[in-house]
Amino acid sequence: MGKDKDLNLFKLNEVILPKEECKKRAYFESYEELYRQSLEDKEGFWAKIASELHWFRKWDKVLEWKYPYAKWFVGGKTNLCYNCLDRNLEKGLRNKVALLYVNEREEERKITYGELYEHVGRFAQALRDLGVEKGDRVLIYMPNTPEAVIAMLACARIGAIHSVVFAGFSRDALKTRIEDAKPKVVITATHTIRRGKEIDLLNTARSAVEDYPFVKYLVVWNRKGNVELKENERGFYQLIKEQNRIAPAEVLDSEDPLFILYTSGTTGKPKGILHSVGGYMVGTYITTKWNFNVDTQNDVYWCTADVGWITGHSYIVYGPLLNGMTTILYEGAPNYPDPGIWWRLVQRYRVNIFYTAPTAIRMFMRYGEEYPKKYDLSSLKVLGSVGEPINPEAWEWYYRIIGGERCPIVDTWWQTETGMHILLTWAHTKAKPGYAGRPFFTVEVDVVDKNGNSLPPNHVGLLVIKAPWPSMLRNVWGNPERYEKYWNIVPGYYCPEDLASKDEEGFITILGRTDDVLNVAGHRIGTAEVESAIIEHPSVVESAVIGKPDDIKGQRIKAFVVLKLGVKPSGELKEEIRKTVREVLGPIAVPDEIEFVEKLPKTRSGKIMRRLLRAKELGMEVGDLSTLED
Ligand code: WT7
């Protein structure tokens, strides 16, 4: 795979930055040396980082590990919102822009740390007044706008557990999550903006909360200004305006829960990944600062994700705000009104650090060089990649056309569960297109067989993390068995269920998932979830969903569908099925291809053999069929 490129950001910085500036930023010169040192004293490493943040009470112990449950900064008391806002005001950042919101219509809003503090503090108090207490869940179903961030930080301030649901999900996906998290309050907006259209959120949210009496209030950001609220509904800005108190930041235990974020697994039911305050805070703080080589005072940073995903939580909201940075929030499509929109914004805001997904890069490649070439992208210094492997062709294009051959590409492998970057191609070390890179300090990663034996270089096996790290998930909400499974697939180790191999230099490449989870345009989608959405269509008996390679999206969804007796297959019916999936699960899960079949291949015990469908579809060897029924 790929060519090696020697990139030395330390040297590069001398060219683009004054020497003093360069010294300030170069936290370390040798990755290998520092990584080795970090393994010698892991707890010391994390204690040092944690001390850079504010604690109401210092921890007694850095780590308490009772397999498979870890506690970090045991006995420590802190507050993540305090560290993002109050602490930065104390540092004199009151008038610095915290959030720079811009959308596809190029409308912008700038919110300073001072303003954000005021809004969050008042909204947090308003939540309190609505009866939200420490440990209560608050579900946030919002567009990628400052209001979503305000809602998240307000929860963190009072110790309520937020659960953000991506606004691209629709009714049933939202209901499943509400049913599981049992929020007291749901926060939503009238709509989100995408591709020149207003996409309704309010009606979806209204119909989703209907069946759940435990949801006491629906808080609505009335973006249109003319929607009449119902009895159990409150206006987002109304609450802020009418509130004259700023909620104090609750003194929280390091291990108090911070948020639940749902992600897809093998079964139809998504897993509520639970993160806690202290460890998540320390992990996202340092990985944002170091991994993108940020000049936190001056750099403009843009992560193109949505706050509805973990990338948004860690690297739009918490990591950047903990570092007192200016973070951009973009609402809209990447190619609307034209494929130049993102590059126009990079030029307009003089973006220094740009973090996106390979699927976006591949899409821009297809539109051609003329779009980025129209704009001045010379402010860019570091380019990040996340969500799926970045193939060498996309890497090359990103490096050459977007980065002007000046910017290192930092690939980052991690998960909703890991909370922070685990593997990366460090900015100041050699680049290897096609590789997700080497571990963050103190984190021990390996490629093993199913018994946990380390495999020799260039052998495909299971990726594992061998010991706890601060921002690891603490549990699966309401389902500890599912949590423990992560640590039981390969006994003793955390198994992310990714296939990988490691080369002689310790660079790891990711080859795909081991479970029935798809990666469509960087989004993790469970085949079982799509299947159950498809069978909501009244004409469908059964369905099986597989992933097929796709040049842009990485994978695309193909569904095999068995119709009820007597129902005639047709193109319209395919459209109707797509519509059903869009309505119940959301646009990101709509099958690209539908094939009607008479029946599905099953094992004797009745399990659908997706492997067989996949092999047939892709023209591969079918393998062992001894358990197949027909
Ligand atoms: C899965 C996690 C982490 C934020 C976005 C996705 C795949 C993620 C990479 C990468 C190769 C990657 C893995 C992982 N993945 N980043 N840089 N290279 N694969 O978070 O939804 O929790 O999905 O995404 O398969 O297990 P997520």
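In what sequence, largest accessible area first, do S38, S51 appear using a 1.4 Å probe? Present the calculation step by step, with values, prior to reporting the outcome.
Numbers: S38 5, S51 75 Å².
The ranking, largest first, comes out as S51, S38.
Output the pairs from K548/K579; K96/K182; K184/K271; K61/K432; K224/K574; K373/K548 with a Cα-Cα distance over 27 Å in this structure; if there are none, say none.
Values: K548/K579 21 Å; K96/K182 37 Å; K184/K271 20 Å; K61/K432 38 Å; K224/K574 34 Å; K373/K548 32 Å.
Too far apart for the 27 Å limit: K96/K182; K61/K432; K224/K574; K373/K548.
Considering the chain, what Rg and Dmax in Å follow from its alpha-carbon atoms?
Over the chain's Cα set, Rg and Dmax evaluate to 23.9, 77 Å.
What distance in nm separates the simple spin-label points at E90 and E370, each placed 7 Å from Cα in the Cβ direction?
5.5 nm
Filter the GluC sites (Glu not before Pro) in the range 324-407 to those in DSSP coil with at most 10 other Cβ atoms within 10 Å of their Cβ, and list the result.
Details: sites: E331, E369, E370, E393, E396, E405; in loops: E369, E405.
Loop-located and lightly packed - E405.
Counting only C-alpha contacts under 8 Å and six or more residues apart, can you give the relative contact order of the range 531-630 as a whole percent?
Numbers: 143 pairs, mean separation 25.8, N = 100.
For the range 531-630, the relative contact order is 26 percent.
Enumerate the aspartates and glutamates that K230 could reach by cross-link, defined here as Cα to Cα under 19 Å, with residues fewer than 8 away along the same chain left out.
Partners within reach: D129, D200, E210, D211, E242.
With a 1.4 Å probe and all protein chains left in place, how much of the accessible area of the range 521-618 comes from carbon and sulfur atoms, in whole percent?
Numbers: 2410 of 4710 Å².
The computed percentage sits at 51.
Counting other Cβ atoms within 10 Å, which trypsin sites (Lys or Arg not before Pro) in the range 530-630 have at most 16 and lie in a DSSP loop?
Working: sites: K553, R556, K558, K564, K574, R578, K579, R582, K599, K602, R604, K607, R610, R611, R614, K616; in loops: K553, K564, K599, R604, K607.
Listed in order of number, the matching sites are K564, K599, R604, K607.
Name the residues whose placed amide hydrogens come within less than 5 Å of the amide hydrogen of V219, ignoring near sequence neighbours (fewer than 5 apart) on the same chain.
Residues meeting the amide H criterion: V186, I187, T188, R234.
Show me, for the range 396-409, the HN-Hα J-couplings you get by feeding each phi into the Karplus relation (A = 6.51, B = -1.76, C = 1.60, θ = phi - 60°), rounded to Hz, glycine and proline as x.
Those phi angles translate into 4, 5, 4, 5, 7, 7, 8, x, x, 6, 9, 9, x, 9 Hz.
Restricting to Cα pairs below 8 Å that are 6+ residues apart, what does the relative contact order work out to for the range 411-484? Please round to a whole percent. Present the calculation step by step, with values, prior to reporting the outcome.
Details: 96 pairs, mean separation 18.5, N = 74.
Here the relative contact order equals 25 percent.
Under the classification rounded if a/c is under 1.5, otherwise prolate if a/b is larger than b/c and oblate if not, where does the range 514-609 fall, given a ≥ b ≥ c as square roots of the Cα gyration tensor eigenvalues?
Details: a/c = 1.81, a/b = 1.23, b/c = 1.47.
Taking the square roots of the gyration eigenvalues as a ≥ b ≥ c, the range 514-609 is oblate.
Do you know the relative contact order of the range 113-257, to the nearest whole percent, from alpha carbon pairs under 8 angstrom that are 6+ apart?
Values: 241 pairs, mean separation 42.4, N = 145.
Averaging sequence separation for qualifying contacts and normalising by length gives 29 percent for the range 113-257.
Could you list which residues have their amide H under 5 Å from that of I161, counting only those 5 or more apart in sequence or on another chain, with H placed in the peptide plane?
Under 5 Å from the amide H of I161 lie the amide H atoms of G135, D136, R137, V138, each far enough along the sequence or on another chain.
Restrict the search to the range 214-317; then list the GluC sites (Glu not before Pro) that DSSP places in a loop and that have at most 11 other Cβ atoms within 10 Å of their Cβ. If you can, show how the numbers build up before the last one.
On the way: sites: E228, E231, E233, E242, E250, E255; in loops: E228, E231, E250, E255.
Sparse-neighbourhood loop GluC sites (Glu not before Pro): E228, E231.
Could you tell me the calculated FRET efficiency between D41 and K579, based on Cβ-Cβ distance and R0 = 56 angstrom, to the nearest 0.05?
On the way: r = 57 Å, r/R0 = 1.02.
Computed FRET efficiency for D41 and K579: 0.45.
Show me, for the range 75-89, the HN-Hα J-couplings you get by feeding each phi into the Karplus relation (A = 6.51, B = -1.76, C = 1.60, θ = phi - 60°), rounded to Hz, glycine and proline as x.
Going residue by residue, I get x, x, 10, 7, 8, 5, 5, 4, 5, 7, 10, 3, 4, 6, 5 Hz, with x marking Gly and Pro.
A 18 angstrom limit on the alpha carbon distance is what I want to check against. Which of K66/K134; K381/K502; K134/K216 exceed it? Could you put the intermediate results ahead of the total?
Details: K66/K134 26 Å; K381/K502 28 Å; K134/K216 16 Å.
As for pairs spanning more than 18 Å Cα to Cα, those are K66/K134; K381/K502.
Taking R0 as 60 Å, what FRET efficiency do you get between E231 and T296 from their Cβ-Cβ distance, rounded to the nearest 0.05?
0.85
Per residue of the range 417-429, in order, report the coupling 6.51 cos²θ - 1.76 cosθ + 1.60 (Karplus, θ = phi - 60°) as ³J(HN,Hα) in whole Hz, putting x for Gly and Pro.
5, 7, x, 9, 3, 10, 10, 7, 8, 4, 4, 9, 10
The values are calculated or read from the model by the stated rules, or taken from the named source; none is laboratory data. The model shown is predicted, which means the values in this text are computed figures rather than measured ones. Ideal geometry is used to build each Cβ from the backbone, glycine not excepted, and the neighbour counts take in all protein chains shown. With ligands, DNA and RNA removed, areas are computed over all heavy atoms of the protein, side chains included. Shrake-Rupley method; radii C 1.70, N 1.55, O 1.52, S 1.80 Å.
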